[in-house]
Amino acid sequence: MSKEANESPLPTVQWPRYGVDAPAVPAVLAAAGVACGLAAAGRRRPGRIALAAAGTVLLANAGVYLHTTLRGKLRIWERELDRAGLQGSERLLDLGCGRGVVLIAAARRLPTGRAVGADRWTRDQSGNSPDVTLANAAAAGVTDRVEVHTADMTALPFPDGSFDVVTSALAIHNIQSPEGRYRALDEAMRVLRPGGQLLIADPWPMARKYAGHLGQGTLRPLGPGYWYGGPWLGITLLHAVKER
Ligand SMILES: C[S@@+](CC[C@H](N)C(=O)[O-])C[C@H]1O[C@@H](n2cnc3c(N)ncnc32)[C@H](O)[C@@H]1O
């Protein structure tokens with residue numbers, strides 16, 4: 001849906017707000033941390049120390065998670081898009097674009113190109129909707145080069161070879177079955193032009209399987225800024241170039 005085609009007035013925002021990924025997760029971590037702290041207060045040693053330690057760890061996990069979703073991933077995608085060496089005229093597709101963190105960072109680098117987002121608007125991110133993404137694009141001043149489509153990654157409504165770059169951040173792993181995830185990867189490759197770049201960020205065990213499925217690509221951990229709670233849920237980037 002392009003902005004022109006969207007008839008409902010967009011929410012007005014001063015600056016983009018990208019929401020929280022899987023918001024139930026940090027909420028549960030924080031609630032469990034507080035519960036452990038409260039339980040510790042009513043106990044004697046040694047149970048008290050163990051509960052206080054567990055509460056501290058859980059709260060720290062919630063803090064790291066929130067940092068990643070609110071700040072860390074934004075900075076990392078700015079860096080990765082710079083590394084991709086965009087010329088400024090590319091057509092880029094962001095799969096599972098959500099509220100547009102990657103889509104808008106890409107659009108800023110595409111003054112004469114196009115940043116196209118596709119999403120099914122599931123509950124994997126707080127408040128995601130086409131209107132919110134377009135309002136974020138407007139707040140970032142890139143409305144003229146952004147489009148948002150309601151589409152399933154496993155059956156993309158785009159012709160073969162129609163994009164120079166395909167990105168996806170924390171989205172493909174949301175597809176329940178391995179077959180569905182592999183279908184999304186095949187679709188990403190189908191819509192990519194020969195020589196085009198694929199950049200997928202997902203938890204490392206999945207990213208490794210994606211590379212195995214595609215039979216190509218390099219894997220690079222994106223570091224503590226992209227930890228959803230701790231290193232056990234660190235995000236890895238798969239970078240592949242479609243054969244010419
Ligand atoms: C955790 S959010 C990440 C959003 C965004 N890429 C980011 O990094 O902020 C995952 C997104 O994937 C979308 N999604 C999940 N399954 C999808 C599917 N099969 N097709 C398209 N989008 C999907 C969800 O609606 C959600 O917006």
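The values are calculated or read from the model by the stated rules, or taken from the named source; none is laboratory data. Remember, it's a predicted structure, so these values are computed and weren't measured experimentally. Note that each Cβ is placed from the backbone with ideal geometry, even for glycine, and that neighbours are counted across all protein chains shown. In case anyone asks, the SASA skips ligands and DNA or RNA and just uses the protein heavy atoms, side chains included. Shrake-Rupley method; radii C 1.70, N 1.55, O 1.52, S 1.80 Å.
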When the accessible area of the chain is computed with all protein chains present and a 1.4 Å probe, what percentage of it is carbon and sulfur? 57 percent
Percent of beta bridges antiparallel (DSSP, the chain, rounded to nearest 5): 40 percent
Tell me the Kirkwood radius of the stretch 2-131: reciprocal of the mean inverse pair distance over distinct alpha-carbon atoms, in Å. 17.4 Å
Per residue, what accessible area does the stretch 8-96 have, given a 1.4 Å probe and all protein chains present, in Å²? 58 Å²
Taking only Cα atoms and a 10 Å spring cutoff, compute GNM fluctuations for the chain and point out the largest among Ala184, Ala169, Ala54. Ala54
Roll a 1.4 Å probe over the protein chains and send me the accessible area per residue for the stretch 103-191 in Å². 38 Å²
Would you compute, from DSSP H runs of 4+ residues alone, the mean residue ellipticity of the chain at 222 nm, taking -39500 (n - 2.57) per run and dividing by the full residue count, rounded to the nearest 500? -12000 deg cm²/dmol
Which of these, Gln14, Gln197, Gln216, has the largest mean-square fluctuation under a Gaussian network model of the chain (Cα springs below 10 Å)? Gln14
Indicate the helices, whole DSSP H runs only, in the chain that combine a mean Kyte-Doolittle hydropathy of 0.0 or more with a Cα extent along their long axis of 27 angstrom or more. 47-67
By average Cβ neighbour count within 10 Å, what is the ranking of 92-105, 35-48, 217-230 from highest down? 92-105, 217-230, 35-48
Please build a GNM for the chain, connecting alpha carbons under 10 Å apart, and tell me which residue among Ala188, Ala135, Ala24 fluctuates the most. Ala24
Expressed as a whole number of Å, what is the distance separating the alpha-carbon centroids of the stretch 16-56 and the stretch 82-118? 37 Å
Counting Lys +1, Arg +1, Asp -1, Glu -1, what net charge surrounds Ala171 among other residues with beta carbon under 9 Å of its beta carbon? -4
Just need the relative contact order of the chain here, percent rounded to a whole number, with Cα pairs under 8 Å and 6+ apart. 20 percent
